[in-house]
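Encoded as structure tokens, the structure appears first; notes follow it.
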Amino acid sequence: MKKIICMVLAMMFLAGGAWAEETGTEAWQHEAGWLSFSLALAQDGLEEVWNEAAKTFGESMNLSGLSGEQLKMMMLQGHVLENGVEDLSVDGSRITGKKADGTELFSHEYAPVDVIEDENILNGTKVHVFMTEEAGAGAYTYLLMTEPVKTEGETAGYITFNLIFSQADNYREKLDKEKGTGAAICALIEKDTSNEGLAYAIERLFASPVVISK
């Protein structure tokens, strides 16, 4: 079930229309910053939405009696497979990543070095690659970020993007579905997304019929 949840999330994040292309980090600069998508949806105040989503999702997966809390826990189990960056801020060329508890993972000046658009990588989604030359960057030397995607419903919406990082310049090989071993992808959402936007995200992910190809 954890694998199914991850597949559902991955399909949703690679769908939608991207913003206009920018030359630097402009597209990712947001005053409130970015929060892990899974953690944002797990916040208090959305219990009723989760319960309604669980009914539809449970029926589509032959999981009768699935509760909203159980569905939320399944999503959070999938969260542990992400890359651990749960809070991100972009200020000019400085990109800072943290854990949800505020522990800083990296904070460096980054410059664009590559743009990837390959059908074998994230289903052809455009990926912008940034690199820092600062000492001590380690695993965060290269940051790979998809363009932010705005998903809108009739009354609410939300904006997300995916983050991957790499220590070496073999990031293309890591992401190639034929050659790679599977990069840990973190999905991030604007931190100040309204409860209406978060509710719409839950409904879109889990309260619609789910079709997963084998």
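The values are calculated or read from the model by the stated rules, or taken from the named source; none is laboratory data. Worth saying up front: this structure is predicted, and the values here are computed from it rather than measured. Ideal geometry is used to build each Cβ from the backbone, glycine not excepted, and the neighbour counts take in all protein chains shown. Side chains are part of the model used for accessible areas, which takes the heavy atoms of the whole protein and leaves out ligands, DNA and RNA. Shrake-Rupley method; radii C 1.70, N 1.55, O 1.52, S 1.80 Å.
Brief remarks on what is shown
- Looking only at segment 96-128, residues that are within 16 Å of the chain's Cα centre (by Cα) and among the aliphatic types (A, V, I, L, M) come to 4 in all.
- Meets criteria (closer than 19 Å to Glu26 by Cβ and in a loop (DSSP other than H, G, I, E, B)) for Asp118: no
- Some residue of segment 144-162 being more than 24 Å from Glu31 (Cβ to Cβ) and either in a strand (DSSP E or B) or open to solvent by less than 30 Å² (accessible area, probe 1.4 Å) (or both): no
- Residues of segment 62-79 satisfying the condition of being surrounded by fewer than 19 Cβ atoms within 10 Å (Cβ to Cβ), assigned to a loop (DSSP other than H, G, I, E, B) and aliphatic (A, V, I, L, M): Leu63
- The set of residues in segment 80-101 being within 15 Å of Cys186 (Cα to Cα), open to solvent by 50 Å² or more (accessible area, probe 1.4 Å) and assigned to a loop (DSSP other than H, G, I, E, B) consists of Val80, Leu81, Lys99, Ala100.
- Close Cβ contacts (under 6 Å, 6 or more residues apart or on different chains) running from residues in segment 96-116 that are acidic (Asp, Glu) to residues that are in a strand (DSSP E or B) comprise Glu104/Lys98; Glu109/Arg94; Asp114/Val129.
- Matching residues, segment 102-114, being within 19 Å of Leu188 (Cβ to Cβ) and either in a strand (DSSP E or B) or of a type in the set (A, V, I, L, M, F, W, C) (or both): Glu104, Leu105, Phe106, Ser107, His108, Pro112
- Filtered residue count, segment 128-143, keeping only those that are open to solvent by 20 Å² or more (accessible area, probe 1.4 Å) and part of a strand (DSSP E or B): 2
- Counting the residues of segment 35-58 that are under 22 Å from Val80 (Cα atoms), assigned to a helix (DSSP H, G or I) and open to solvent by 60 Å² or more (accessible area, probe 1.4 Å) gives 1.
- Set side by side, the residues Asn120, Asn195, Asn162, Asn170 differ, and just one is of a type in the set (S, T, N, Q) and in contact with a Cys (Cβ under 8 Å, 6 or more places away or on another chain), which is Asn162.
- Restricting segment 86-95 to residues that are over 15 Å from the mean Cα position of the chain (by Cα) and small (Gly, Ala, Ser), the residue that is nearest to Tyr142 (Cα to Cα): Ser93
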